[in-house]
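The values are calculated or read from the model by the stated rules, or taken from the named source; none is laboratory data. All of these numbers come straight from a predicted model, not from anything done at the bench. Every residue, glycine among them, receives a Cβ derived from its backbone with ideal geometry; neighbour counts consider all protein chains shown. Accessible surface areas use protein heavy atoms only, side chains included; no ligands, DNA or RNA. Shrake-Rupley method; radii C 1.70, N 1.55, O 1.52, S 1.80 Å.
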Amino acid sequence: RYNKHIWGVPQVTDCLALFYNKQMVGKPPQTLDELVEIGQQLTSPGQQYGFFYRGDPYWFTPFVWAFGGELIDSDTLTVKIADPPAVEALQFLKDLRDKYKIVPPSVDFANDYDNMMIGFKNGEYAMIINGPWSTADALKGPEFTNPDNLGITRIPAGRGGYGSPTGGHNYVVSADTQKAFAAWDLIDFLSRPEHQARFALKNNLLPTRQSTYNLPAVKANRIIQDFKYVLDAANTRPVIPQAGAIFIDLKPAYQAALLDEKTPQAALNEVKQAWEDLLETR
């Protein structure tokens, strides 16, 4: 809803979760401290690492929330990205590499998604973070010929609790169409619980209707139910018209901090200024 109007009908939703190799990780970490502890136990530098995180800022947001931070206050439009919790979250990710050494030391932002998935499927990384869209790919790996070896759970919690961004896609009807009622009939048809279930079960995606999760076939799908557990504790990104643009400014600053080109505070200060310009609140 925006300005008291409905602009889209949710088709599917998603969130980021902790993926773990059950043959390597007996009990998944519940806290960030446990992530470090388990990660160190499973790391053999140069051969195997306990964890892998990406240089994409979307993958940074769970840690901001876990440390008790925010991106932007949707009600007041106050930018919170440079506040102490977010700075601590960014420093924590750097420490996973530099202090605790549970992630690979080299950085390859251009290929890190593919490198993450290849390494996870081949047993080089015990834990990663990814979304439901990637489960079909993960299950193709030699480590997951037995699908039950793929563990999916919430990203470990910090003092702020669990963090995970929600995403998804919407059905929309063009204002210029001459077939608005026919388009609405199609959306209505596709949005029925039984049809959402067909999409979800075929693609391991997350329905947007609560009633769909109660259908027997969906309740019996372990991957969807694991993600539903994550979704129940996930976070809404800023509900503002400019939300689609905020990661444009966050990406270069976040990566510069990971490359030690800027301190976490300096990098996020730049993001704060850019977001305030975007919101025209300065």
What Kirkwood hydrodynamic radius, in Å, does region 176-282 give when the mean of 1/r is taken over all pairs of distinct Cα atoms and then inverted?
-> 17.6 Å
Calculated from backbone phi, Karplus (6.51, -1.76, 1.60) coupling profile of region 224-234 in Hz, x at Gly/Pro | 5, 5, 4, 6, 4, 4, 5, 4, 5, 10, 7
Non-local residues with an amide H under 5 Å from the amide H of Gly167, with H modelled 1.01 Å from N and Pro and chain starts lacking one, are Asp14, Cys15
Accessible surface of Tyr49 - all protein chains present, 1.4 Å probe, nearest 10 Å² = 30 Å²
Net charge (Lys, Arg +1; Asp, Glu -1) of residues whose beta-carbon lies under 12 Å from that of Leu215, Leu215 excluded, is +3
Calculate the all-directions average of the projected area of region 73-230's alpha-carbon convex hull, and give it in nm².
-> 13.6 nm²
Sorted list, accessible surface of protein heavy atoms, 1.4 Å probe, largest first, for Thr31, Thr13 is Thr31, Thr13
Protein chains only, probe 1.4 Å: how do Phe144, Phe67, Phe181 rank by accessible area, largest first?
-> Phe181, Phe67, Phe144
Could you tell me the accessible area of Lys228 in Å² (1.4 Å probe, neighbours in place), rounded to the nearest ten?
-> 30 Å²
Among DSSP beta bridges lying fully in the chain, give the percent that are antiparallel, nearest 5.
-> 85 percent
Note down, for region 1-145, the three equivalent ellipsoid semi-axes (square root of 5 times each alpha carbon gyration tensor eigenvalue), biggest first, whole angstrom.
-> 29, 21, 13
If each part is reduced to its alpha-carbon centroid, region 142-194 and region 206-226 end up apart, in Å, by 12 Å
Region 111-153: translational diffusion in µm²/s, Stokes-Einstein, Kirkwood Rh over Cα pairs, 37 °C, 0.692 mPa s = 318 µm²/s
By accessible area (1.4 Å), largest first, His195, His5 order as His5, His195
Sorted by chain and then number, the residues having a modelled amide H within less than 5 Å of the amide H of Thr263, at least 5 places away or on another chain, are none
Per-residue HN-Hα couplings for region 115-128, Karplus 6.51 cos²θ - 1.76 cosθ + 1.60 at θ = phi - 60°, whole Hz, x for Gly and Pro?
-> 4, 4, 5, 5, x, 5, 5, 9, x, 7, 10, 7, 9, 9
In sequence order, what are the phi-derived ³J(HN,Hα) couplings for region 186-193 according to the Karplus relation 6.51 cos²θ - 1.76 cosθ + 1.60 with θ = phi - 60°, rounded to whole Hz, with x for glycine and proline?
-> 5, 4, 4, 5, 5, 8, 5, x
Log10 I(q)/I(0) at q = 0.12, 0.15, 0.16 Å⁻¹ for the chain, from Debye over equal alpha-carbon scatterers, is -0.82, -1.19, -1.30
How much accessible surface does Trp133 have with a 1.4 Å probe, in Å² rounded to 10?
-> 100 Å²
